[in-house]
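Participant: Sharing a structure with you now.
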Amino acid sequence: MKKLAIIPAYNEQGSILKTVNDLKQNAPDFDYIIINDCSTDDTQRICEENNLHVVNLPVNLGIGGGVQTGYQYAKTHDYDIAVQFDGDGQHNAKFLDAMVQKLVNEELDMVIGSRYIEKKGFQSSGLRRLGIRYFSWLIRRVTGQTITDPTSGMRICNRDVIDIYANDYPRDYPEPESVTSILKAGKKVREMPVEMNERSAGVSSISPRKSIYYMVKVSLAVLMAGKR
Amino acid sequence: MDLRMRVFIGIIMALAFLYVCTAIKRRVIDIRHALVWLVVCILLLILDIFPALLEGISKLLGFALPVNMLFFLGFLLAIVIIFGLSAKVSKLNEQVKQMTQDLALLKNELEEKTKP
Ligand SMILES: Nc1nc2c(ncn2[C@@H]2O[C@H](COP(=O)(O)OP(=O)(O)O)[C@@H](O)[C@H]2O)c(=O)[nH]1
Ligand SMILES: [Mg+2]
């Protein structure tokens, strides 16, 4: 079975090498592809000097367009399984094998790594947790299913979902909307507990200033996805 | 409607019409996109030159002042054009995204092939 880790990276010079090494050590049967989204720091140089597999986007597309490029790569290179794995070192590769097992054994379409089942590791800031609980509630209202960590970027999926996302993926703040749309399409999604780390370098793309836009945009998107 | 106001509005509309025409000639704007602006100019100009027409429609629709009807119409048409532009920008955005992705994946394939 061919497995790919999609690593979105925007200005991650301080953590991209660490992320790739974590994958090579703790999930060696995964191939990986870094989507360098027109970073303005040394990310591209570091990737090239270390001979890492990288797709360099010529203009910045934002997280959604970047991750979608990864799914398109997975589709054209005929991967059976793809996982999203942040380039900022917040995800831990040691959980990937168990996620693959769950996906395959339970014949699921997607497995999400959730921080809020065992409540271990980095739990995000209080305000963001509140937002996450709200999205969780909204998705339950729209789909009838409970996703405890709807903003988790650590998600593993099969060919069906790779195909869907390669064709259609939200541009920004994509996680809650994209999980809602596949739930509505009748795909089987489950979560399993993972631990995440605090950011060690660089800055989060979700600034307080943008969070109002984030809440409104994602709420609307989830509601729309529910109506399709 | 007051004659002074009509002359004023008429001059502005005529100037706007000429401005759009020169913009087309200088290729600042594509005819496809300029056409709708020309239509707006002409429409408002016609209503300005023939006030009886405007008064008739205002009375029919219950506008107290014909000039309000003129402003409302101009506003409405502008909004329609702006919405059309927003839709166009969304589409362009999507097209640029797809081209960027295709280009990046192609470049990656080429690099992987030429790698030792
Ligand atoms: N392709 C792409 N990736 C991005 C962009 N912004 C952030 N990322 C990546 O998305 C991942 C998660 O982003 P982050 O800002 O850490 O979000 P947070 O973990 O939710 O705070 C990281 O690997 C970032 O490098 C972007 O504009 N384009
Ligand atoms: Mg992060």
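The values are calculated or read from the model by the stated rules, or taken from the named source; none is laboratory data. Since we're looking at a predicted model, the values are computed, not measured. Positions of Cβ are generated from backbone atoms using ideal geometry, with glycine treated the same way; all protein chains shown enter the neighbour counts. Heads up: the accessible areas ignore ligands, DNA and RNA and are worked out on the full protein's heavy atoms, side chains in. Shrake-Rupley method; radii C 1.70, N 1.55, O 1.52, S 1.80 Å.
Participant: Take the Cβ-Cβ distance between B:LEU73 and A:ALA185 as r, set R0 to 45 Å, and report the resulting FRET efficiency rounded to the nearest 0.05.
Facilitator: 0.50
Participant: I'd like the Kirkwood hydrodynamic radius of the range A:98-228, using the inverse of the mean 1/r over distinct C-alpha pairs, in Å.
Facilitator: 15.3 Å
Participant: What are the extents of the Cα atoms of the range A:15-80 along their three principal axes, in Å, largest first?
Facilitator: 31, 26, 17
Participant: Which ³J(HN,Hα) values, rounded to whole Hz and listed in residue order, are derived for the range A:97-104 from phi using the Karplus coefficients 6.51, -1.76 and 1.60 in 6.51 cos²θ - 1.76 cosθ + 1.60 with θ = phi - 60°, glycine and proline given as x?
Facilitator: Running phi through 6.51 cos²θ - 1.76 cosθ + 1.60 with θ = phi - 60° gives 4, 5, 5, 4, 3, 4, 4, 6 Hz.
Participant: Quick one: longest stretch of chain A between exposed loop GluC sites (Glu not before Pro), exposed meaning at most 12 other C-beta atoms within 10 Å and loop per DSSP?
Facilitator: A:1-105
Participant: Using a 1.4 Å probe on the protein heavy atoms only, what accessible surface does B:CYS21 show? Give it in Å² to the nearest 10.
Facilitator: Rounded to the nearest 10, that gives 50 Å².
Participant: Could you report the buried accessible area between B and A, both sides summed, computed with a 1.4 Å probe and given in Å² to the nearest 100?
Facilitator: 1300 Å²
Participant: Scan the range A:121-219 for chymotrypsin sites (Phe, Trp or Tyr not before Pro) in coil per DSSP, keeping those whose Cβ has at most 13 other Cβ atoms within 10 Å, and list them by number.
Facilitator: Sites meeting the loop and neighbour criteria: A:PHE122.
Participant: Hey, another quick one. Would you please give the residues with an amide H less than 5 Å from that of A:SER39, counting only those at least 5 places away or on a separate chain, with H modeled from the backbone geometry?
Facilitator: A:ASN11
Participant: Highest GNM mean-square fluctuation, chain B, Cα pairs closer than 10 Å: which of B:VAL96, B:VAL67, B:VAL20?
Facilitator: B:VAL96
Participant: Another question, if that's okay. Report the residues of the range B:36-78 in range of a label on B:THR22: point 7 Å along Cα→C-beta, backbone N strictly under 12 Å from it.
Facilitator: Flagged as within label range: none.
Participant: Write out the trypsin sites (Lys or Arg not before Pro) in the range B:1-58 meeting two conditions: DSSP loop, and at most 16 other Cβ atoms within 10 Å of their Cβ.
Facilitator: Sparse-neighbourhood loop trypsin sites (Lys or Arg not before Pro): B:ARG26, B:ARG27.
Participant: A follow-up question, please. According to a simple spin-label model (label point 7 Å from Cα along Cα-to-Cβ), what is the distance in nm between A:GLU198 and A:LYS210?
Facilitator: For A:LYS210 paired with A:GLU198, the spin-label model returns 2.2 nm.
Participant: Now for a separate question. Taking 2.2 N^0.38 Å as the expected size of a compact globular protein, what ratio does the Cα radius of gyration of the range B:3-85 give against it, to two decimals? Could the numbers behind the result be given before it?
Facilitator: Values: Rg = 13.9 Å, N = 83, 2.2 N^0.38 = 11.8 Å.
Cα-based Rg divided by the globular estimate yields 1.18.
Participant: Amide H to amide H under 5 Å from A:GLN123: which residues, 5+ apart in sequence or cross-chain, H placed 1.01 Å off N in plane?
Facilitator: none
Participant: A further question follows. Would you please name the trypsin sites (Lys or Arg not before Pro) within the range A:50-154 that are DSSP coil residues with at most 15 other C-beta atoms within 10 Å of their C-beta?
Facilitator: Here the trypsin sites (Lys or Arg not before Pro) that fit, given the DSSP loop and packing criteria, are A:LYS119, A:LYS120.
Participant: Here's another thing I want to ask about it. Between A:LYS120 and A:GLN25, what is 0.36 nm times their sequence separation minus the Cα-Cα distance? Round to one decimal in nm.
Facilitator: Length difference between fully extended and current span is 32.0 nm.
Participant: On to the next question. Starting from the residue with the highest accessible area, list B:VAL36, A:VAL161 in decreasing order, probe 1.4 Å.
Facilitator: Listed by decreasing accessible area, they come as B:VAL36, A:VAL161.
Participant: Could you give me the ³J(HN,Hα) list for the range A:62-67, computed from phi with Karplus coefficients 6.51, -1.76, 1.60 and θ = phi - 60°, whole Hz, x at Gly and Pro?
Facilitator: x, 4, x, x, x, 4
Participant: What are the ³J(HN,Hα) values, in whole Hz, obtained from phi via the Karplus relation 6.51 cos²θ - 1.76 cosθ + 1.60 with θ = phi - 60°, for each residue of the range A:197-204 in sequence order, with x given for Gly and Pro?
Facilitator: Here the 3J(HN,Hα) series is 10, 6, 4, 9, 8, x, 10, 5 Hz.
Participant: Shifting gears a bit: Need one number: nm distance between label points at A:TRP137 and B:ILE81, each 7 Å from Cα along Cα→Cβ, rounded to one decimal.
Facilitator: That separation, rounded to one decimal, is 4.5 nm.
Participant: Can you report the principal axis dimensions of the range A:31-145 using only the alpha carbons, biggest first, rounded to whole angstrom?
Facilitator: Reported extents, whole Å, longest axis first: 44, 36, 28.
Participant: Still on this structure, please answer the following. Taking the alpha-carbon distance from B:LYS25 and a cut-off under 27 Å, which lysines remain once sequence neighbours fewer than 8 residues away in the same chain are dropped?
Facilitator: The qualifying lysines are B:LYS88, B:LYS91.
Participant: Could you state the angle between the C-alpha long axis of helix B:31-49 and the longest principal axis of the C-alpha atoms of chain B, as a value from 0 to 90 degrees rounded to the nearest 10?
Facilitator: That helix lies at roughly 10 degrees to the long axis.
Participant: Taking the Cα-to-Cβ direction at B:SER90 and at B:MET1 and moving 7 Å from each Cα, how far apart do the two end points lie in nm?
Facilitator: Rounded to a tenth, the inter-label distance reads 3.4 nm.
Participant: Sticking with this one: Hey, what's the range B:3-85 come to in accessible area per residue, 1.4 Å probe, Å²?
Facilitator: On a per-residue basis, the range B:3-85 sits at 72 Å².
Participant: Still on this structure, I have one more. Hey, what's the Cα Rg ratio for the range A:3-227 versus the globular rule of thumb, 2.2 N^0.38 Å?
Facilitator: 0.94
Participant: Then there's this: Where the centroid of each part is defined by its Cα atoms, how far is the range A:143-170 from the range A:76-142 in Å?
Facilitator: Taking the Cα centre of each part, the range A:143-170 and the range A:76-142 sit 9 Å apart.
Participant: In chain B, carbon and sulfur make up what percent of the accessible area (probe 1.4 Å)?
Facilitator: 74 percent
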